[in-house]
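Have a look at the structure below before the remarks.
The values are calculated or read from the model by the stated rules, or taken from the named source; none is laboratory data. Because the structure is predicted, anything quoted here is derived from the model rather than measured. With ideal geometry, Cβ positions are generated from the backbone for all residues, glycine too; neighbour counts draw on all protein chains shown. Side chains included, ligands, DNA and RNA excluded: accessible areas come from the protein's heavy atoms. Shrake-Rupley method; radii C 1.70, N 1.55, O 1.52, S 1.80 Å.
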Amino acid sequence: MELNAMKQLLIQALKNLDYNSYLNILSEILPRKIYRYFDHSNKKLDLLINNHIQLSSPLEFNDPYDSLAAFEKEVENRYYGKIEFTIQKILNSKDVKVQELKKHIIEKNVLLSKVDWPDKIRIIKEEQQKLLGDNDGPEYIQLRSCVFRLNEFHGFNNPRLGDWVSDSKVCCFSASKNNTLMWAHYGRMNSGLCIEYDTSKIINDINAEKYLFLPVIYSDQIYKDDPYPISEKTCSLFWNLPQFMYKKDDWTYEQEWRLIIPNCKDDTLFFPYAKQIFLGTNFKNYNRYSNESETEQAEMLVKLFDFARTNNINVVRLKTNSQKYEFIEEQLL
């Protein structure tokens, strides 16, 4: 079965909350080696020699369409109706705490028709949280009830991403090590590095549910979420994960795979699976783009080679080929 068909089966497994099927399909399609490109800096090299990788928030993605989900108009109307119901409940309640929330949202002009729905939700939730804080006493029951419906649907709080995505952390990899565009864009004009990771070990951590791995699907269509009623299933992170998998087909060259950690506050992850370190063809020029002194850079390079030697990791320098568009590999260690 071709890869795109397997990716669609993976989506179906996620929608069915079928973790075993997800693992079985992933085991078949996950490349044996994946690669991470990055520009040179002592901070990033320090992460590498301490067996860590950098994590990013999806809100920081460089593509405004990345992880964007579209919703059928019927779905939008249904949930806008629920939001309208919630706002009316706030306006009509005589509860003291709810009245305080009402006062705050009126001051913020939330009810004006020119305020977009995502902004309405965001402001109401922010004002609710200011009033609630960590309070869970009975006097706050009505206040919690008034915004309960706003927490049911993930997607309108942020025009780009739902709360569950915003609270997740991601690390991006490629299936290719010799991609000249990746070297140019992410390896800072070939002066950076590309790290090869062994996925045979990674799959064990996926089994242990430490994180999830997903392939990216490149399409000329925005991912459309299913028009199902709200349920425990549709509010599940697992059910919503396909939203992570779609990118515009302009990015096809990246051949991307994503590591995803839900509800993560950390900026790094222990990831001791490096097998090879590739130095870009312009690696000797890395110091042009670094704020560290030459002494600091030299000391970090010594640490990098010591790390590679201790952990039996190959260090390979890439060189240009005068005969064809293909890198020449020169093993340094």
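Ordering Val315, Val302 from largest to smallest accessible area (1.4 angstrom probe), what's the sequence? Display every interim value, and only then the final one.
Working: Val315 0, Val302 85 Å².
Highest to lowest solvent-accessible surface, that is Val302, Val315.
Report, ordered by chain and residue number, the lysines lying within cross-link reach of Lys94, taken as a straight Cα distance under 29 Å and ignoring same-chain residues fewer than 8 apart.
Once the sequence-local lysines are set aside, what remains near Lys94 is Lys82, Lys102, Lys103, Lys108, Lys114, Lys120, Lys125, Lys130.
Going by amide H atoms built from the backbone, whose H comes under 5 Å of the H on Tyr223, apart from near neighbours?
Answer set, sorted by chain and number: Ala70.
How would you rank 267-280, 10-23, highest first, on the average number of other Cβ atoms within 10 Å across their residues?
Details: 267-280: 18.3, 10-23: 16.8.
Peptide ranking by packing, descending: 267-280, 10-23.
Which whole-Hz couplings ³J(HN,Hα) result when phi for each residue of the stretch 14-28 is put into the Karplus expression 6.51 cos²θ - 1.76 cosθ + 1.60, θ = phi - 60°, listed in order with x for Gly and Pro?
Result, rounded to whole Hz: 5, 5, 8, 6, 9, 5, 5, 5, 4, 5, 5, 5, 4, 4, 7.
If you plug each phi of the stretch 320-333 into the Karplus form 6.51 cos²θ - 1.76 cosθ + 1.60 with θ = phi - 60°, what whole-Hz ³J(HN,Hα) values come out, in order, with x for Gly and Pro?
Going residue by residue, I get 6, 10, 6, 9, 7, 6, 7, 5, 9, 9, 10, 6, 9, 8 Hz, with x marking Gly and Pro.
Using only the heavy atoms of the protein chains and a 1.4 Å probe, how would Phe38, Phe244 rank by accessible area, largest first?
Values: Phe38 25, Phe244 5 Å².
Result of the area sort, largest leading: Phe38, Phe244.
Net charge around Leu332, counting only other residues with Cβ within less than 12 Å of its Cβ (Lys, Arg = +1; Asp, Glu = -1)? Numbers along the way, then the final one.
Numbers: positive: Arg309, Arg317, Lys319; negative: Glu329, Glu330.
Local net charge: +1.
To the nearest 0.05, what FRET efficiency results for Ser57 and Gln323 with a Förster distance of 35 Å applied to their C-beta separation?
Efficiency computed from Cβ-Cβ geometry: 0.20.
Search the structure for amide H atoms under 5 Å from the amide H of Tyr246, placed 1.01 Å from N in the peptide plane, and list their residues when 5 or more places away or on another chain.
Here Ser67, Ile217 satisfy the definition.
Quick check on my link table: of Lys7/Lys177; Lys177/Lys247; Lys33/Lys248; Lys44/Lys169; Lys43/Lys324, which ones sit more than 27 Å apart, alpha carbon to alpha carbon? Could you put the intermediate results ahead of the total?
Working: Lys7/Lys177 22 Å; Lys177/Lys247 20 Å; Lys33/Lys248 24 Å; Lys44/Lys169 17 Å; Lys43/Lys324 35 Å.
Check vs 27 Å cut-off fails for Lys43/Lys324.
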